Amino acid sequence: MAQTIVAALQIGSLLSGKAATLDLILSYEASIIEAGATLVVLPEAVLGGYPKGEIFGTRLGYRLPEGRDAFAAYFANAIDVPGPETEALAELSAHTGATLVVGVIERDGSSLYCSALFFDPEQGLIGKHRKLMPTGTERLIWAQGDGSTLTTVNTQAGTAGAAICWENHMPLLRTAMYAKGIEIWCAPTVDERDVWQASMRHIAHEGRCFVVSACQIQPSPAELGIEVPGWDSHRPLIRGGSLIVGPLGDVLAGPMREQSGLLIAKVDTAKLVQARYDFDAVGHYSRPDVFELTVDERPKQGVVFNY
């Protein structure tokens, strides 16, 4: 495969809601075309929002009515998959010629999922991945995904898949994705810390794959006109930190801090065979005589009707 250009689009959800945020995403059409990107990764929950600092009125053992109101407002700002927002994103993919990996908050029934959606320039919405394990108090508002959305897709840049934020710290998830032949590891996140950069470099080095991590950027509480207990009101809520890493752990671009925009790098998946010469996590370095991983990819539903 010839060299291609991949990108992380570092932007943040807008406080005014999903319509304005969608317009912000669409406004990058010309920039994506100009960059010649074949794959663009957007941050976790960028469409739908990551309400950092919100507690949704929950205390151990009870919940306050205002928390239910806050959840209802958050639910209203989530998107249906498919729906009008996914149609607009599919058009963006078609117009730019780039595969898009977009972090969204997805409605299903009365539950919300933190998901990554995959858009192909010719086929539109071709897949999604639902976050398997919401972290900490994310579990108050997001349901768990199941093994049926451990999705990989073929792109012009290579075989791509996604793990969202701290899912990237799950060793067995990583092993399953390596076994699917992932070449471009997409990591939508809101983790702005320096240690995240180390995790992304480790995954690239461990999986001998390219990693594209896209992080949100959010202004300070003072700039947003909100209060976040325990947080410096003049410190950005999320500073960004998007980066692109090569298969030996070398940083190809970034980290991008405290600014919005496209971060780009050239990749060539033909180099992955060379990179895996001395380490193939699911091949010659796997020791299947000692270790075995079973992955259940069946959809899991709470109610099943048999006819």
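General remarks:
- Shape call, the stretch 64-214: gyration tensor on alpha carbons, a/c limit 1.5: oblate
- Between Tyr277 and Arg193, the C-beta separation translates, for a Förster distance of 35 Å, into a calculated FRET efficiency of about 0.60.
- Computed over neighbours whose Cβ is under 11 Å from that of Thr99, the net charge equals -2, Lys and Arg +1, Asp and Glu -1.
- Choice from Gly127, Gly83, Gly145 with maximal GNM fluctuation in the chain (Cα, 10 Å cutoff): Gly83
- Counting only lysines at least 8 places from Lys128 when in the same chain, those with an alpha carbon closer than 17 Å to its own are Lys180, Lys300.
- Whole-angstrom gap from the stretch 177-256 to the stretch 4-20, using each part's C-alpha centre: 14 Å
- When the Gaussian network model of the chain links Cα atoms closer than 10 Å, the mean-square fluctuations of Tyr277, Tyr74, Tyr50 top out at Tyr277.
- Accessible surface, per residue, of the stretch 171-294 when the full set of protein chains is kept, probe 1.4 Å, Å²: 49 Å²
- Convex hull (Cα only) mean projected area of the stretch 111-162, reported in nm² to one decimal: 4.1 nm²
- Carbon + sulfur, % of accessible area of the stretch 212-307 - ligands and nucleic acids excluded, 1.4 Å: 52 percent
- Calculated [θ] (222 nm, deg cm²/dmol) that DSSP helices of n ≥ 4 give over the chain, each run adding -39,500 (n - 2.57): -6500 deg cm²/dmol
- Between Ser27 and Val303, full extension at 0.36 nm per residue minus the direct alpha carbon distance yields a gain of 95.2 nm.
- Aspartates and glutamates with Cα under 19 Å of Lys18, excluding same-chain neighbours fewer than 8 positions away: Glu29, Glu44, Glu54, Asp69, Asp80, Glu85, Glu87, Glu91, Glu106, Asp108
- Mean separation of Cα contacts under 8 Å (6+ apart) over length of the chain, as relative contact order %: 20 percent
- Candidate residues Ile55, Ile5: accessible-area rank, largest first, probe 1.4 Å: Ile55, Ile5
- Magnitude of the charge dipole for the stretch 181-276, about its Cα centre and with charges confined to Cβ atoms of Lys, Arg (+1) and Asp, Glu (-1), is about 380 debye.
- Working from the Cα coordinates of the stretch 171-298, the gyration tensor eigenvalues give, after taking √(5λ), semi-axes of 34, 18, 11 Å in decreasing order.
- Residue of Ser286, Ser148, Ser115 that the Gaussian network model of the chain assigns the largest fluctuation, springs spanning Cα pairs under 10 Å: Ser286
- Contact order relative to length of the stretch 135-184, as percent, for alpha carbon pairs under 8 angstrom and 6 or more apart: 34 percent
- Full-stretch length increase - Met133, Arg287 - with 0.36 nm per residue and alpha-carbon distance subtracted: 52.7 nm
The values are calculated or read from the model by the stated rules, or taken from the named source; none is laboratory data. These numbers come from a predicted model, not from an experiment. A quick note on method: Cβ atoms are made from the backbone with ideal geometry, for glycine too, and the neighbour counts reach across all protein chains shown. Just so you know, the surface numbers come from the protein's heavy atoms only, side chains and all, with ligands and any DNA or RNA stripped out. Shrake-Rupley method; radii C 1.70, N 1.55, O 1.52, S 1.80 Å.
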